[in-house]
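Heads up: the structure comes next, in structure tokens.
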Amino acid sequence: MVDYYGELCTKVYESDKSIAGEKELEFYLSFVKDKTMKVLEPMCGNGRMLIPFMEKGIDIEGFDISEEMLKVCMQKAAQLNLTPTVFCEKIEDFKSDKKFDLILIPFGSFSLLSDELADRGLDNLKAVLKGEGKILLTTITRYNGIEDIPEWVETNRKQFNQETIVEYKKVHFDETNNLLKMQLKYESYQGEKLEKTEVMYFPMRLYIPGEFESILKAKGFQNIVIHEVKDGYGQGSLFRVFECTKY
Ligand SMILES: C[S@@+](CC[C@H](N)C(=O)[O-])C[C@H]1O[C@@H](n2cnc3c(N)ncnc32)[C@H](O)[C@@H]1O
């Protein structure tokens with residue numbers, strides 16, 4: 001069975017990426033000028049960013065393709081007496097009558113979209129962005145030293161009470177299309193007994209420097225600024241965020 005951010009993947013994700021760190025949060029919060037702003041987080045997953053925004057009293061809503069990720073988001077929020085407005089939707093199909101002041105897609109999530117879906121996604125975001133609104137989004141940049149892993153290799157092992165979840169991956173880098181074709185496999189064990197397996201096809205579009213900026217320009221986005229957030233994911237890390245407007 002092929003899952004996408006299914007139960008086991010979500011459990012592992014939540015175990016070490018539950019809430020955004022201070023620096024990352026601080027960066028995105030700096031774009032919220034007042035509490036009347038309407039914020040949208042497409043691909044919000046487990047609420048890693050959305051929940052801390054809600055805790056600050058910001059009017060944010062989100063959506064995601066994965067029911068499991070959204071379930072975790074709701075459960076986590078409920079523990080804080082919060083009720084998030086989140087729903088299951090694909091960015092490529094997303095339509096709304098609402099208009100937003102700020103749309104954010106952190107953590108490289110946009111790179112999970114194929115070129116066709118990214119194109120449709122950008123059109124959909126543009127349609128719900130207010131005239132003076134801003135989009136902030138992150139992609140993953142192509143890096144050196146990518147190696148194919150043709151057979152399953154164990155990459156992670158997590159213990160949850162009696163359950164052990166083991167994660168494996170296979171990788172093929174399609175250099176022509178800058179597509180990192182990964183497959184992830186999660187196995188859940190109770191003791192020695194294999195209880196459940198999830199296999200996830202996980203392609204990731206890696207952009208070469210300058211490429212995504214050109215895509216935004218070609219789609220008519222304006223006022224493009226590339227921010228570099230040093231130590232944003234922890235000491236020694238760096239991530240880039242594209243800021244743009246529709247006019
Ligand atoms: C790496 S997680 C990041 C979640 C969240 N943005 C964060 O910062 O933690 C990527 C999320 O994108 C969602 N996703 C992938 N493709 C999607 C699509 N086409 N439409 C909506 N959500 C999608 C996945 O289900 C997953 O929850």
Only residues in region 10-26 that are away from the ligand (no atom under 11 Å from the Cβ) count as the first member; pair them with residues that are among the hydrophobic types (A, V, I, L, M, F, W, C), Cβ under 7 angstrom, at least 6 apart or cross-chain, and list the lot. LYS11/PHE160; LYS11/ILE165; VAL12/ILE165; LYS23/VAL229
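Would you confirm whether any residue within region 72-86 is closer than 18 Å to LEU113 by Cβ and modelled with pLDDT of 95 or more?
No, that holds for no residue.
Restricting to region 59-76, name every residue that is more than 13 Å from the ligand (Cβ to nearest atom) and surrounded by 19 or more Cβ atoms within 10 Å (Cβ to Cβ).
Matches in region 59-76: GLU61 only.
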Yes or no: region 25-38 includes at least one residue that is closer than 22 Å to LEU113 by Cα, outside the structural domain of GLN159 (by TED's automatic domain parsing) and in contact with a helix residue (DSSP H, G or I) (Cβ under 7 Å, 6 or more places away or on another chain). no
Selected residue (only one of LYS126, LYS169, LYS193 is away from the ligand (no atom under 15 Å from the Cβ) and surrounded by 16 or more Cβ atoms within 10 Å (Cβ to Cβ)): LYS126
Check whether at least one residue in region 1-21 is among the hydroxyl-bearing types (Ser, Thr, Tyr) and buried (at least 19 other Cβ atoms within 10 Å of the Cβ), and report yes or no. yes
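Yes/no per residue for (1) over 25 Å from LYS76 (Cβ atoms); (2) in contact with a strand residue (DSSP E or B) (Cβ under 6 Å, 6 or more places away or on another chain):
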| residue | (1), (2) |
| --- | --- |
| LYS98 | no, no |
| LEU102 | no, yes |
| ILE105 | no, yes |
| ASP123 | yes, no |
| LYS126 | yes, no |
| GLY133 | yes, yes |
| ILE165 | no, yes |
| LYS169 | yes, yes |
If you take the residues of region 147-163 that are closer than 19 Å to ASP16 by Cβ and touching a residue at least 24 places away in the same chain (Cβ under 8 Å), which of them is nearest to the chain's Cα centre (by Cα)? ASN156
Looking only at region 37-51, count every residue that is more than 6 Å from the ligand (Cβ to nearest atom) and either on the phi > 0 side of the Ramachandran plot or at pLDDT below 95 (or both) and tell me the total. 1
Restricting region 191-229 to residues that are in contact (Cβ under 8 Å) with a residue 12 or more places away in the chain and basic (Lys, Arg), the one nearest to THR176 (Cα to Cα) turns out to be ARG205
I'm told ILE91 meets every condition in (1) aliphatic (A, V, I, L, M); (2) more than 11 Å from the ligand (Cβ to nearest atom); (3) in contact with a strand residue (DSSP E or B) (Cβ under 6 Å, 6 or more places away or on another chain) except one. Can you identify the failing condition by its number? (2)
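To keep it simple, each residue is scored yes or no on (1) closer than 28 Å to LEU8 by Cα; (2) surrounded by 14 or more Cβ atoms within 10 Å (Cβ to Cβ); (3) at pLDDT 95 or above; (4) in contact with a His (Cβ under 8 Å, 6 or more places away or on another chain).
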{"site": "ASN156", "(1), (2), (3), (4)": "yes, yes, yes, no"}
{"site": "GLN162", "(1), (2), (3), (4)": "yes, no, yes, no"}
{"site": "GLU187", "(1), (2), (3), (4)": "yes, yes, yes, no"}
{"site": "ILE215", "(1), (2), (3), (4)": "no, yes, yes, no"}
{"site": "HIS227", "(1), (2), (3), (4)": "no, yes, yes, no"}
{"site": "ARG240", "(1), (2), (3), (4)": "no, yes, yes, yes"}
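The values are calculated or read from the model by the stated rules, or taken from the named source; none is laboratory data. As the structure is a computational prediction, the values presented were derived from the model and not from experiment. Counting neighbours? That spans all protein chains shown, and the Cβs are built from the backbone with ideal geometry, glycine included.
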